[in-house]
Amino acid sequence: MPSSHSDLKDTYYDTLDPREYIIIKRARVNNLKNLSVAIPRNKFVVITGLSGSGKSSLAFDTLFAEGQRMYVESLSSYARQFLGRMEKPEVDYIRGVSPAIAIEQKVNTRNPRSTVGTSTELYDYLKLLFARIGKTRSPVSGKEVKRDTVTDVVEWINQLPVDSKIIIACPLTIPTGRKLKGELELLLSKGYTRVLVKGEPQLIEELAGTKKKIPKNTEIEILIDRIVTNPTDEDLNYRLADSVQTAFFEGHGDCFVYSDKKKTPFSDRFELDGMRFTEPSVNFFSFNNPYGACRTCEGFGKVLGIDTDLVIPDKTLSLYEGAVAPWRSEVMGKWAQPWLKHGAKYDFPIHRPIADLNHKELELLWNGNKDLDGIHDFFKYVESKSHKIQYRVLLSRYRGRTTCPDCRAPAFVKTRDM
Amino acid sequence: MITEIRSRLGYLTEVGLGYLTLNRLTSTLSGGEYQRIKLATSLGSALVGSMYIMDEPSIGLHPRDTNQMIGVLKTLRDLGNTVIVVEHEEEIMRAADQIVDIGPGAGMHGGTLVFQGSIKDVNGKSTSHTMDYLKGLENIQVPPKRRKWKDSITIFGARENNLKNLKVKIPLAVLTVVTGVSGSGKSTLVSKILYPSLGRLMGVFAETPGKYERIDGDTSRLTSIEFVDQHPIGKSSRSNPISYVKAYDAIRQLYSDQSLSKKRGYKPSVFSFNVEGGRCETCQGEGETKVEMQFMADIFLKCESCQGKRFKKETLEIEWNGKNIAEVLDLTVEEALEFFKDKKPVHDKILPLYDVGLGYVKLGQSSNSLSGGEAQRVKLASFLGKNSSSDHILFIFDEPTTGLHFHDISKLLKAINALIDQGHSVIIIEHNMEVIKCADWIIDLGPEGGEKNGGHIVFEGTPEALVKSSTGHTARFLKEKLV
Ligand SMILES: [Zn+2]
Ligand SMILES: [Zn+2]
């Protein structure tokens, strides 16, 4: 292509292939003076010029505007009803434009929870990842919480020796206010013939007809199926899966497998140690969603509290030199006195700059002990007096947005253990 | 999925954002950082056959990071996309397959294609300022002498964000440039500590400063402090350059003084689109109506009642020198200087806009259509117009070269130097080498970006001394400019 274009004949542009070039002929947008240009496709092109030269008119008001117009054209009729009024850039023609993606510099601040992670879609992937491979542990036993699927149970049965005789059962729960007899008749009508009483099979008809009194709390289970195992028998596997599914349904999530009198329980509920857990899902890991967000800060990661940096504004000072700002006043100075007198007893270095204190010493300064009141105790006291105006003023001076004490920045619920 | 996560993190690093944490709130990012995040995301979703149009991806990037950005743009191209970038950054222009130069000047002196091709295609002097600069035939002059200083302000114990307990001396009555790679802490030092803490002393700014110990020195020399940032000059489409430099009042007065206005009893407010009276009530003087789209940028449509003129038909019947108020607002600054040349009060108020290189801007252009760099220069113009000798203002500029061509940078530097010559002090946060080389004093932060490797003072002193010290990234790039 020739390098000086101002003297090119306009007809030159008519001869170019729009599959190879984005062709703009005679653009008059803003200050553009019948500007014609052919920009090679699939190249990296810089448009430059002084500010006000018309380069943005070319890039945004002409090229992008046309790309946007084309995009709208591909949309629903709702969107398209505005198209008639969406002005075409003032040009003779533009050819070879693809749907345009303009990457602008305007920060979209509409969502205060939007973060680098969410804007890059990285969280979407992390959420998927954790939902798929994340493990839930019980805070009581530390064991992994798992639900049993039908496949899990079938696979467990099939690992038993071939020709094992097994029973698939589930608990019979009698809703309050209903009689055992009625429930048994219901079972009969559903087509079940046997139950297990204390693990022993018995015909339902017999049990229902017996004159003997059955004590309350007797363990009764519904016998769903009896099977002789054979993993290679495909029909049998289908029947197994069917029966396990039925057991989970009738047993409200519980299924028992008896083999050799040994009872193995399965549950398709997500629970352990008597607690029910929420299964990891994509939503669970979103702090834009009330499911997974910390309840104290609602997922913002910050709460209004005592700002430690306001309390100790200059960390090069020692406690003796007045590092704790609210204790500098004459009245509040009495909170520092015990430290200056007895600090040494607890190995607290009153002459050392706060910045040089170790973790244990800082912990002591904030939380205190049985003899010394810490900074937190001080603020608890101030809060208890906050009906008095001067205490409220004092409190407000040290309030700020601080890291949420319950989740400490990561905006997820803290009881979860990944 | 792990691959997906890895590649996305990789792209974030490539666009020079490796120092960001994933839980950083988007609302706290700069425009440049946000754009680069969007860019990284586009790379991740790997669309093919699209046309990417970007506005100055180099904004906020230290030259060291620019090379990575170029790599990213090339990746996007190699995926099968057309990448069109509006840019003035030298390295990016050199790396492009093609440069399309629009000009040769601005406004009515622009609008034509002056050059298209690669830098290799030019020999000797051309009609293109861009090419001449790239070929070294035009230059921003290095000042023959650095200004000396004796008064200064010192910040002690600056610890906000990643700053490592810094003690920094800031000279007065000279041009100081605070520089460093992205994330080095330069903005934190100036915008979060120096400005609010001095502002508190002067009683002009209430926001709490970041963590620092104290500020000391010749603070009593200063009468005020001004942060000239790139935020829009007004929140709505109703603020515009002409009202910002206080020239609109005089123009409205002029129109209400015309005999037809007097006969009809028109007050100056009739010629305002901010209040009821003379404006078009369909669009309430906006000139356009907004249609909110769900998945894309809002669409603005011209008001059908006033055809975008913002005023009622009757208002537009009042003319001065052959033009009505809507036509006057449609004049560029340059055209207006000619139009008002016999009306000194109006002319002199408009002149500073021309001096800062905004001759092409329309008087009534709504502030939200001005770029950040243009908004910043409008503010600069409003100060240039004041010129009162008893003041000593400390001006802070945050990346004023954003959006500027070399040619515009030299104009801007002229305007900034004019402020110093009026007795003011100027601090510029900047990584543009053309500006750094013109500084009287440089404060270089780094050595890298981020919590761990940033926040130290790498160098304090004159440009010559920085090159001599050859410490840090800035010294390396500055060396080429000072030979
Ligand atoms: Zn929380
Ligand atoms: Zn209107």
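The values are calculated or read from the model by the stated rules, or taken from the named source; none is laboratory data. Treat the numbers as computed from the prediction; the structure is a model and nothing was measured. In this analysis, Cβ positions are derived from the backbone assuming ideal geometry, glycine residues included, and neighbour counts consider all displayed protein chains.
Residues that are touching a His at 6+ places or on another chain (Cβ under 8 Å), part of a helix (DSSP H, G or I) and not small (Gly, Ala, Ser): does region B:63-76 have at least one?
Among the residues of region B:63-76, at least one is touching a His at 6+ places or on another chain (Cβ under 8 Å), part of a helix (DSSP H, G or I) and not small (Gly, Ala, Ser), which makes the answer yes.
Restricting the search to region B:301-328, which residues are more than 8 Å from ligand 2 (Cβ to nearest atom) and assigned to a loop (DSSP other than H, G, I, E, B)?
Within region B:301-328, B:LYS312, B:LYS313, B:GLU314, B:ILE318, B:GLU319, B:ASN321, B:GLY322, B:ASN324 qualify.
Out of (1) more than 9 Å from ligand 2 (Cβ to nearest atom); (2) modelled with pLDDT of 80 or more; (3) farther than 25 Å from B:ASN321 by Cα, what's the single condition that is false for B:LYS262?
For B:LYS262, the exception is condition (3).
Which residues, counting only those in region B:138-174, are β-branched (Val, Ile, Thr) and touching a strand residue (DSSP E or B) at 6+ places or on another chain (Cβ under 8 Å)?
Result: B:ILE153, B:THR154, B:ILE155, B:VAL168, B:ILE170, B:VAL174.
Tell me the strands (runs of 3 or more DSSP E) entirely within region A:165-235 that contain at least 3 residues that are under 22 Å from A:PHE248 (Cβ atoms), modelled with pLDDT of 90 or more and under 44 Å from the mean Cα position of the chain (by Cα).
A:165-171, A:220-228
In this structure, is B:ARG200 basic (Lys, Arg) and touching a Phe, Trp or Tyr at 6+ places or on another chain (Cβ under 8 Å)?
no
Would you pick out the residues in region B:189-219 that are in a loop (DSSP other than H, G, I, E, B) and either of a type in the set (Val, Ile, Thr) or in contact with an Asp or Glu (Cβ under 6 Å, 6 or more places away or on another chain) (or both)?
Scanning region B:189-219 gives B:VAL204, B:THR208, B:GLY210, B:LYS211, B:GLU213, B:ASP218.
Based on this model, can you work out whether B:GLY80 counts as more than 7 Å from chain A (Cβ to nearest Cβ), part of a loop (DSSP other than H, G, I, E, B) and farther than 30 Å from B:LYS362 by Cβ?
Criteria not met by B:GLY80.
Somewhere in region B:133-156, is a residue modelled with pLDDT of 80 or more, assigned to a helix (DSSP H, G or I) and touching a helix residue (DSSP H, G or I) at 6+ places or on another chain (Cβ under 8 Å)?
Checked against the condition, which is being modelled with pLDDT of 80 or more, assigned to a helix (DSSP H, G or I) and touching a helix residue (DSSP H, G or I) at 6+ places or on another chain (Cβ under 8 Å), region B:133-156 yields at least one hit.
Determine which single condition B:GLY110 fails, assuming it passes every other condition in (1) at the interface with chain A (Cβ under 7 Å from one of its Cβ atoms); (2) surrounded by fewer than 22 Cβ atoms within 10 Å (Cβ to Cβ).
Single failed check for B:GLY110: (2).
Does any residue of region B:72-92 turn out to be among the basic types (Lys, Arg) and closer than 29 Å to B:GLY454 by Cα?
So far as region B:72-92 goes, yes, one or more of its residues are among the basic types (Lys, Arg) and closer than 29 Å to B:GLY454 by Cα.
So which of B:LEU358, B:LEU351 is in contact with a Pro (Cβ under 9 Å, 6 or more places away or on another chain), outside the structural domain of B:LEU413 (by TED's automatic domain parsing) and more than 16 Å from ligand 2 (Cβ to nearest atom)?
It is B:LEU358.
Filter region B:372-400 down to residues that are touching a residue at least 40 places away in the same chain (Cβ under 8 Å), surrounded by fewer than 24 Cβ atoms within 10 Å (Cβ to Cβ) and of a type in the set (S, T, N, Q) and give me whichever is nearest to the other protein chains (Cβ to nearest Cβ).
Going through the qualifying residues, I end up with B:SER382.
Restricting to region B:389-440, what's the tally of residues that are touching a helix residue (DSSP H, G or I) at 6+ places or on another chain (Cβ under 9 Å) and at positive phi?
2
For region B:239-274, name all the residues that are surrounded by 18 or more Cβ atoms within 10 Å (Cβ to Cβ) and part of a loop (DSSP other than H, G, I, E, B).
B:SER239, B:ASN240, B:VAL245, B:ALA247, B:TYR266, B:SER272, B:PHE273
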